[in-house]
Amino acid sequence: MARILKVSTFMSRLMFTLAFVLLALPFAAQITLLEEGRVAIDRDDPQAAVRVLQRAVAETPINAEAHYLLGVAYGNLAQKANRFRQPSLARHTRDEFERAVQFDPNHLEARWALVQYYTRAPGYLGGSEQKARQQAEEISKRDASFGQRAFDFIAQKK
């Protein structure tokens with residue numbers, strides 16, 4: 001009887017461990033994709049970064065960091081693209097930064113990226129001093145000195 005209990009306990013622990021591993025695999029893969037995307041960004045390969053980070057966003061669509069990094073990759077790609085492709089990539093950049101803030105309102109890097117985007121982009125691509133100031137206000141609520149830096153950036157671009 002004691003042997004049956006030991007086997008039963010072992011099987012319960014094994015099942016728990018297997019369930020944990022199976023549930024953790026998508027999260028581990030997500031970290032790998034984000035790291036792979038960061039590496040591609042760091043080595044200045046925006047096309048590879050976009051491919052990898054699109055997969056990361058597809059796997060976990062509410063991951064703010066994945067959206068932020070995808071926005072960075074699109075922005076880097078836009079800087080290297082021809083003038084006919086740049087507007088589309090700029091919109092993708094803005095959209096990904098906005099999604100990052102939507103999923104994590106405390107993502108200050110994404111808010112800072114939006115301040116920069118709204119300040120620099122022309123109106124037909126969504127640029128707006130008012131939107132930049134709104135983001136700077138939100139940054140200030142979370143980090144006063146960073147918020148001041150955002151307001152200073154907007155003032156310099158006038």
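What ranking, highest mean first, results for peptides 54-61, 70-77, 86-93 when packing means the other Cβ atoms within 10 Å averaged over each residue?
70-77, 86-93, 54-61
Let me have the relative contact order for region 108-158, percent, based on Cα pairs under 8 Å that are six or more residues apart.
Computed value for region 108-158: 35 percent relative contact order.
Under a Cβ-only charge scheme (Lys and Arg +1, Asp and Glu -1), can you give me the dipole magnitude of region 39-123 about the Cα centre, in debye to the nearest 20?
Computed about the Cα centre, the dipole is about 420 debye.
Just how far, in whole angstrom, is region 106-136 from region 52-75 if you go by their alpha carbon centroids?
Value for the Cα centre distance between the two parts: 19 Å.
All of the numbers you see were taken from the coordinates with simple rules; none came from a lab. What you are looking at is a predicted structure, and each value in this text was computed from that prediction instead of being measured. All Cβ positions, even for glycine, are placed from backbone atoms using ideal geometry, and neighbour counts span all protein chains on display.
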